[in-house]
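Participant: Let me begin by handing over the structure; questions about it come next.
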Amino acid sequence: MAETAEMANARLQGLRRSPAVHLWEKFEQESVAGSLGVTLREIPFLTMVGVRVDPASETGARIAEVVGGLPERCGEVGGPLAEGEATGTLWLGPEEFLVVGPAHGKGPDLLGRLLEALAGDAGQVVDLSANRTTFELAGHSALAVLEKSCALDLHPRAFTVGTALGTEIGSIPVVLWKLEAERFRIFPRASFADFVGRWLLDGMREFASVEVR
Amino acid sequence: MLLFSCPNCGPRDETEFHYGGQAHVPYPKDTDAMTDKEWAEFLFYRDNTRGDFAERWVHSTGCRQWFNMLRDTVSYEVKAVYPMGSTSPTPGGQSPAGQFPASTVQTQQKGAQS
Ligand SMILES: [Zn+2]
(Lines give C-alpha, C1' and ligand atoms only; values in the text may rest on other atoms or scores of the structure.)
Protein backbone atom coordinates (compact mmCIF):
# COMPACT_ATOMS: atom_id res chain seq x y z
CA MET A 1 0.00 0.00 0.00
CA ALA A 2 1.28 3.44 -0.88
CA GLU A 3 2.31 5.67 1.99
CA THR A 4 0.04 8.68 2.37
CA ALA A 5 1.22 12.09 3.56
CA GLU A 6 -0.53 11.48 6.86
CA MET A 7 1.24 8.17 7.39
CA ALA A 8 4.56 9.75 6.47
CA ASN A 9 3.91 12.58 8.92
CA ALA A 10 3.06 10.17 11.72
CA ARG A 11 6.20 8.18 11.00
CA LEU A 12 8.33 11.33 11.01
CA GLN A 13 6.79 12.52 14.29
CA GLY A 14 7.94 9.22 15.79
CA LEU A 15 11.48 9.73 14.52
CA ARG A 16 11.92 13.21 15.96
CA ARG A 17 14.55 13.70 18.64
CA SER A 18 14.38 16.77 20.83
CA PRO A 19 17.70 18.65 21.06
CA ALA A 20 18.31 17.83 24.74
CA VAL A 21 16.78 14.35 24.95
CA HIS A 22 20.18 12.89 25.84
CA LEU A 23 20.17 15.05 29.00
CA TRP A 24 16.73 14.11 30.30
CA GLU A 25 18.12 11.50 32.66
CA LYS A 26 20.65 13.95 34.05
CA PHE A 27 17.96 16.62 34.42
CA GLU A 28 15.97 14.15 36.50
CA GLN A 29 18.91 12.97 38.60
CA GLU A 30 20.34 16.40 39.25
CA SER A 31 17.13 18.25 39.99
CA VAL A 32 17.21 19.27 43.63
CA ALA A 33 14.38 18.87 46.14
CA GLY A 34 13.87 20.72 49.39
CA SER A 35 13.98 24.32 50.53
CA LEU A 36 16.80 25.17 48.12
CA GLY A 37 15.24 23.06 45.39
CA VAL A 38 15.50 23.65 41.70
CA THR A 39 14.32 21.45 38.84
CA LEU A 40 15.14 21.45 35.16
CA ARG A 41 13.28 19.72 32.34
CA GLU A 42 12.96 19.99 28.62
CA ILE A 43 9.54 20.44 27.05
CA PRO A 44 10.02 19.09 23.54
CA PHE A 45 8.44 20.01 20.23
CA LEU A 46 6.36 23.03 21.23
CA THR A 47 4.98 24.79 18.19
CA MET A 48 6.77 28.06 17.53
CA VAL A 49 5.84 30.40 14.75
CA GLY A 50 7.93 33.42 13.85
CA VAL A 51 5.76 36.35 12.85
CA ARG A 52 6.94 39.58 11.31
CA VAL A 53 4.22 42.12 10.74
CA ASP A 54 3.50 45.78 11.34
CA PRO A 55 1.07 45.54 14.30
CA ALA A 56 -0.59 48.82 13.25
CA SER A 57 -1.50 47.46 9.81
CA GLU A 58 -4.67 45.64 8.80
CA THR A 59 -2.64 42.47 8.41
CA GLY A 60 -1.36 42.98 11.95
CA ALA A 61 -4.93 43.26 13.20
CA ARG A 62 -5.91 40.00 11.50
CA ILE A 63 -2.91 38.22 13.04
CA ALA A 64 -3.66 39.74 16.44
CA GLU A 65 -7.13 38.23 16.21
CA VAL A 66 -5.70 34.73 15.70
CA VAL A 67 -3.37 34.95 18.70
CA GLY A 68 -5.64 36.95 20.99
CA GLY A 69 -3.74 40.22 20.75
CA LEU A 70 -0.13 41.04 19.85
CA PRO A 71 2.14 42.30 22.65
CA GLU A 72 2.72 46.03 22.33
CA ARG A 73 6.11 46.50 23.93
CA CYS A 74 9.27 44.81 25.07
CA GLY A 75 8.59 42.18 27.73
CA GLU A 76 4.87 41.81 27.06
CA VAL A 77 3.32 38.45 26.21
CA GLY A 78 0.02 38.16 24.34
CA GLY A 79 -2.32 35.23 24.60
CA PRO A 80 -2.71 32.57 25.92
CA LEU A 81 -3.56 30.45 22.89
CA ALA A 82 -4.74 27.25 24.50
CA GLU A 83 -5.58 25.61 27.80
CA GLY A 84 -2.97 23.75 29.80
CA GLU A 85 0.70 24.33 28.95
CA ALA A 86 1.78 27.97 28.94
CA THR A 87 1.26 29.45 25.50
CA GLY A 88 1.43 32.98 24.21
CA THR A 89 2.90 35.49 21.81
CA LEU A 90 6.26 36.86 22.85
CA TRP A 91 7.50 40.30 21.82
CA LEU A 92 10.88 40.00 20.08
CA GLY A 93 10.92 43.39 18.36
CA PRO A 94 8.55 46.19 17.32
CA GLU A 95 7.46 44.12 14.33
CA GLU A 96 8.69 40.66 15.30
CA PHE A 97 6.90 38.12 17.48
CA LEU A 98 7.29 34.51 18.54
CA VAL A 99 4.05 32.58 18.88
CA VAL A 100 4.50 29.64 21.25
CA GLY A 101 1.77 27.03 21.18
CA PRO A 102 1.16 23.43 22.18
CA ALA A 103 3.07 20.65 20.43
CA HIS A 104 1.99 19.75 16.90
CA GLY A 105 -1.39 18.04 16.83
CA LYS A 106 -2.19 18.96 20.45
CA GLY A 107 -3.88 22.27 19.81
CA PRO A 108 -5.20 24.57 17.14
CA ASP A 109 -3.42 24.63 13.77
CA LEU A 110 -1.56 27.85 14.58
CA LEU A 111 0.63 27.90 11.51
CA GLY A 112 -2.27 27.39 9.14
CA ARG A 113 -4.41 30.01 10.81
CA LEU A 114 -1.58 32.55 10.92
CA LEU A 115 -0.71 31.97 7.25
CA GLU A 116 -4.35 32.45 6.42
CA ALA A 117 -4.40 35.71 8.40
CA LEU A 118 -1.25 36.94 6.66
CA ALA A 119 -2.93 36.24 3.32
CA GLY A 120 0.23 36.94 1.35
CA ASP A 121 0.47 40.55 2.58
CA ALA A 122 3.69 42.24 3.68
CA GLY A 123 5.12 40.24 6.57
CA GLN A 124 6.20 36.75 7.44
CA VAL A 125 4.76 33.67 9.10
CA VAL A 126 7.39 30.95 9.44
CA ASP A 127 7.30 27.62 11.26
CA LEU A 128 10.22 27.86 13.69
CA SER A 129 9.25 24.90 15.87
CA ALA A 130 12.57 23.19 15.24
CA ASN A 131 14.59 26.37 15.75
CA ARG A 132 14.47 26.47 19.54
CA THR A 133 13.74 24.02 22.29
CA THR A 134 12.13 24.79 25.62
CA PHE A 135 13.63 24.38 29.08
CA GLU A 136 11.73 24.88 32.27
CA LEU A 137 13.69 25.90 35.33
CA ALA A 138 11.63 25.97 38.52
CA GLY A 139 11.95 26.00 42.28
CA HIS A 140 13.11 28.22 45.14
CA SER A 141 16.64 28.40 43.73
CA ALA A 142 15.69 28.90 40.07
CA LEU A 143 16.24 32.64 40.26
CA ALA A 144 19.62 32.16 41.94
CA VAL A 145 20.70 29.79 39.16
CA LEU A 146 19.70 32.29 36.48
CA GLU A 147 21.36 35.19 38.24
CA LYS A 148 24.74 33.48 37.98
CA SER A 149 24.97 34.07 34.26
CA CYS A 150 22.16 36.32 33.06
CA ALA A 151 22.89 40.02 33.21
CA LEU A 152 19.27 41.14 33.12
CA ASP A 153 17.80 42.70 36.22
CA LEU A 154 15.88 39.62 37.36
CA HIS A 155 14.67 41.11 40.63
CA PRO A 156 10.91 40.56 40.92
CA ARG A 157 10.51 44.34 41.02
CA ALA A 158 11.96 44.66 37.52
CA PHE A 159 11.25 41.25 35.99
CA THR A 160 7.62 40.58 36.79
CA VAL A 161 5.59 37.40 36.32
CA GLY A 162 4.36 37.14 32.74
CA THR A 163 7.33 38.98 31.24
CA ALA A 164 9.47 37.54 28.43
CA LEU A 165 12.75 39.06 27.30
CA GLY A 166 15.48 38.27 24.82
CA THR A 167 18.75 37.97 26.72
CA GLU A 168 21.89 35.89 27.16
CA ILE A 169 22.44 33.03 29.61
CA GLY A 170 26.05 31.94 29.81
CA SER A 171 26.71 34.10 26.73
CA ILE A 172 24.10 32.16 24.73
CA PRO A 173 21.23 34.18 23.25
CA VAL A 174 17.92 32.91 24.64
CA VAL A 175 14.40 34.11 25.25
CA LEU A 176 13.53 34.02 28.95
CA TRP A 177 9.89 33.92 30.01
CA LYS A 178 8.83 34.17 33.64
CA LEU A 179 5.66 32.10 34.09
CA GLU A 180 5.46 32.28 37.87
CA ALA A 181 7.61 33.76 40.63
CA GLU A 182 9.74 30.61 40.67
CA ARG A 183 9.07 29.10 37.24
CA PHE A 184 10.92 30.16 34.10
CA ARG A 185 10.87 29.05 30.47
CA ILE A 186 14.15 29.29 28.59
CA PHE A 187 14.23 29.07 24.80
CA PRO A 188 17.73 28.42 23.43
CA ARG A 189 18.32 27.62 19.77
CA ALA A 190 18.48 23.86 19.18
CA SER A 191 22.22 23.79 18.56
CA PHE A 192 22.85 25.44 21.95
CA ALA A 193 20.46 23.17 23.88
CA ASP A 194 23.21 20.81 25.03
CA PHE A 195 25.42 23.64 26.25
CA VAL A 196 22.64 25.57 27.99
CA GLY A 197 21.29 22.36 29.55
CA ARG A 198 24.67 21.41 30.99
CA TRP A 199 25.36 25.00 31.96
CA LEU A 200 22.15 25.19 34.01
CA LEU A 201 22.87 21.80 35.60
CA ASP A 202 26.24 23.13 36.66
CA GLY A 203 24.55 26.20 38.15
CA MET A 204 22.13 23.95 40.05
CA ARG A 205 24.78 21.69 41.53
CA GLU A 206 25.66 23.82 44.56
CA PHE A 207 22.06 23.67 45.80
CA ALA A 208 22.26 19.87 46.03
CA SER A 209 24.83 20.02 48.83
CA VAL A 210 24.22 21.10 52.39
CA GLU A 211 24.69 24.80 52.91
CA VAL A 212 27.79 25.66 54.88
CA ARG A 213 27.05 28.20 57.58
CA MET B 1 30.50 46.73 31.31
CA LEU B 2 28.62 49.65 29.78
CA LEU B 3 24.85 49.90 29.84
CA PHE B 4 23.28 51.14 26.63
CA SER B 5 19.67 52.29 26.57
CA CYS B 6 17.97 50.61 23.66
CA PRO B 7 15.04 52.79 22.50
CA ASN B 8 12.86 49.66 22.45
CA CYS B 9 14.15 47.54 25.33
CA GLY B 10 15.69 49.92 27.86
CA PRO B 11 19.12 49.56 29.50
CA ARG B 12 21.05 46.43 28.47
CA ASP B 13 24.65 45.23 28.58
CA GLU B 14 26.87 46.47 25.77
CA THR B 15 27.56 42.83 24.79
CA GLU B 16 23.97 42.62 23.50
CA PHE B 17 24.78 45.26 20.88
CA HIS B 18 26.82 45.43 17.71
CA TYR B 19 28.60 48.47 16.43
CA GLY B 20 27.66 49.92 13.06
CA GLY B 21 30.33 52.58 12.68
CA GLN B 22 29.98 56.29 12.18
CA ALA B 23 26.45 57.59 11.72
CA HIS B 24 25.25 60.10 9.17
CA VAL B 25 27.58 59.06 6.34
CA PRO B 26 25.47 59.90 3.28
CA TYR B 27 25.33 57.45 0.40
CA PRO B 28 26.91 59.16 -2.62
CA LYS B 29 24.42 60.58 -5.11
CA ASP B 30 26.08 59.58 -8.37
CA THR B 31 28.16 56.49 -7.72
CA ASP B 32 28.93 55.90 -11.42
CA ALA B 33 30.69 59.22 -11.65
CA MET B 34 32.99 58.50 -8.68
CA THR B 35 36.64 57.65 -9.00
CA ASP B 36 37.95 54.52 -7.26
CA LYS B 37 39.60 56.77 -4.70
CA GLU B 38 36.35 58.56 -3.88
CA TRP B 39 34.51 55.23 -3.67
CA ALA B 40 37.14 53.75 -1.38
CA GLU B 41 36.97 56.83 0.80
CA PHE B 42 33.20 56.51 1.05
CA LEU B 43 33.49 52.84 1.95
CA PHE B 44 36.39 52.87 4.36
CA TYR B 45 37.30 56.36 5.54
CA ARG B 46 35.66 57.48 8.75
CA ASP B 47 36.23 60.21 11.29
CA ASN B 48 38.30 59.33 14.31
CA THR B 49 36.84 61.83 16.70
CA ARG B 50 38.15 62.55 20.17
CA GLY B 51 35.01 63.48 22.13
CA ASP B 52 31.39 63.36 21.03
CA PHE B 53 30.93 60.90 18.18
CA ALA B 54 27.65 59.97 16.48
CA GLU B 55 27.57 56.27 15.72
CA ARG B 56 25.16 53.49 14.76
CA TRP B 57 24.38 50.52 16.96
CA VAL B 58 22.09 47.53 16.60
CA HIS B 59 20.53 45.67 19.50
CA SER B 60 21.40 42.28 18.05
CA THR B 61 20.53 40.08 21.04
CA GLY B 62 17.30 41.95 21.71
CA CYS B 63 14.92 43.69 19.34
CA ARG B 64 17.39 43.62 16.40
CA GLN B 65 16.69 47.27 15.61
CA TRP B 66 19.21 49.94 14.67
CA PHE B 67 19.53 53.29 16.39
CA ASN B 68 21.96 56.19 16.61
CA MET B 69 23.96 57.05 19.67
CA LEU B 70 26.12 60.02 20.58
CA ARG B 71 29.02 58.74 22.65
CA ASP B 72 32.01 60.50 24.15
CA THR B 73 34.98 58.49 22.87
CA VAL B 74 37.12 59.61 25.80
CA SER B 75 34.80 59.09 28.77
CA TYR B 76 32.45 56.60 27.05
CA GLU B 77 29.54 58.65 28.34
CA VAL B 78 26.42 58.08 26.24
CA LYS B 79 25.03 61.54 25.60
CA ALA B 80 22.08 60.78 23.35
CA VAL B 81 20.16 57.92 21.82
CA TYR B 82 18.03 58.88 18.83
CA PRO B 83 16.24 57.23 15.92
CA MET B 84 17.67 56.23 12.59
CA GLY B 85 17.00 58.82 9.95
CA SER B 86 17.14 61.82 12.27
CA THR B 87 19.93 64.38 12.36
CA SER B 88 22.74 64.39 14.87
CA PRO B 89 22.15 66.26 18.11
CA THR B 90 25.70 67.64 18.03
CA PRO B 91 26.34 71.37 17.68
CA GLY B 92 25.83 72.03 13.98
CA GLY B 93 23.60 69.01 13.59
CA GLN B 94 19.97 69.46 14.51
CA SER B 95 18.45 67.48 17.31
CA PRO B 96 15.55 65.21 16.31
CA ALA B 97 12.99 67.12 18.30
CA GLY B 98 15.13 70.00 19.53
CA GLN B 99 15.82 67.99 22.66
CA PHE B 100 19.11 67.06 24.22
CA PRO B 101 20.33 64.96 25.94
CA ALA B 102 18.62 61.64 25.50
CA SER B 103 16.56 61.37 28.62
CA THR B 104 13.98 62.00 25.92
CA VAL B 105 14.66 58.87 23.92
CA GLN B 106 12.49 58.69 20.86
CA THR B 107 10.78 55.64 19.50
CA GLN B 108 12.49 54.41 16.44
CA GLN B 109 11.26 55.21 12.98
CA LYS B 110 10.61 52.30 10.70
CA GLY B 111 13.02 51.33 7.99
CA ALA B 112 15.07 54.49 7.74
CA GLN B 113 18.79 54.06 8.25
CA SER B 114 21.34 56.75 7.83
ZN1 LIG C 1 16.35 46.56 21.83
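Participant: Roughly how big is region A:112-188's charge dipole about its Cα centre, with Cβ charges of +1 (Lys, Arg) and -1 (Asp, Glu), in debye to the nearest 20?
Facilitator: With only Lys, Arg, Asp and Glu charged at Cβ, the dipole is about 160 debye.
Participant: Could you sort B:ASP47, B:ASP32 by their accessible area in this structure, using a 1.4 Å probe and putting the largest first?
Facilitator: Correct descending sequence by accessible area is B:ASP32, B:ASP47.
Participant: Among A:SER191, A:LEU115, B:ALA40, whose Cα lies farthest out toward the positive end of the dipole of the protein assembly as shown, if unit charges sit on the beta carbon of Lys, Arg (+1) and Asp, Glu (-1)?
Facilitator: With unit charges placed on the Cβ atoms, the residue in question is A:SER191.
Participant: While we're on this one: Probe 1.4 Å, all protein chains in place: accessible area of A:GLU6 in Å², nearest 10?
Facilitator: In the full protein context, A:GLU6 sits at about 150 Å².
Participant: Would you give the gap between the C-alpha center of region B:1-21 and the C-alpha center of region A:73-107, rounded to a whole Å?
Facilitator: Between the Cα centre of region B:1-21 and that of region A:73-107, the gap is 25 Å.
Participant: Determine the gain in length on full extension of the stretch B:ARG46-B:SER60; use 0.36 nm per residue of separation and subtract their C-alpha separation, reporting nm with one decimal.
Facilitator: Extra length from B:ARG46 to B:SER60 when fully extended: 2.8 nm.
Participant: In addition: Once both labels are modelled 7 Å past Cα along the beta-carbon direction, what's the A:ARG17-B:GLU14 spacing in nm?
Facilitator: If labels sit at A:ARG17 and B:GLU14, their model points lie 4.2 nm apart.
Participant: Per residue, how much accessible area does chain A show when a 1.4 Å probe rolls over the protein heavy atoms, in square angstrom?
Facilitator: On the way: 10870 Å² over 213 residues.
Accessible area per residue, chain A: 51 Å².
Participant: Still on this structure, please answer the following. Across bins of 20 angstrom width beginning at 0, how are the C-alpha pair distances of the protein assembly as shown distributed, in whole percent?
Facilitator: Final binned percentages: 27, 50, 22, 2.
Participant: Count, for each residue of B:59-66, the Cβ atoms from other chains sitting within 10 Å of its Cβ, then give me the mean as a whole number.
Facilitator: Across the residues of B:59-66, the mean count of other-chain Cβ atoms within 10 Å is 5.
Participant: Rounded to the nearest 0.05, what FRET efficiency is calculated for A:GLU116 and A:ALA2 with R0 set to 30 Å and r the Cβ-Cβ distance? Mind showing how you got there, number by number?
Facilitator: On the way: r = 29 Å, r/R0 = 0.98.
Rounded to the nearest 0.05, the efficiency is 0.55.
Participant: How much accessible area is lost when chains A and B come together, counting both sides, with a 1.4 Å probe, in Å² rounded to the nearest 100?
Facilitator: Answer for the A-B pair: about 1000 Å² buried.
Participant: Still on this structure, please answer the following. Suppose each label sits 7 Å from its Cα in the direction of the beta carbon; what would the A:VAL126-B:THR87 distance come out to in nanometres?
Facilitator: 3.8
Participant: Can I ask one more? Given a 1.4 angstrom probe, what's the average accessible area per residue across region B:3-104, in square angstrom?
Facilitator: 57
Participant: Here is a further query. Quantify, in whole percent, the carbon and sulfur part of the accessible surface of the protein assembly as shown (1.4 Å probe; protein heavy atoms only).
Facilitator: The computed percentage sits at 52.
The values are calculated or read from the model by the stated rules, or taken from the named source; none is laboratory data. This structure is a prediction, so every number in the text was calculated from the model and none was measured. In this analysis, Cβ positions are derived from the backbone assuming ideal geometry, glycine residues included, and neighbour counts consider all displayed protein chains. Remember, those area values only see protein heavy atoms, side chains included, never the ligands or the DNA or RNA. Shrake-Rupley method; radii C 1.70, N 1.55, O 1.52, S 1.80 Å.
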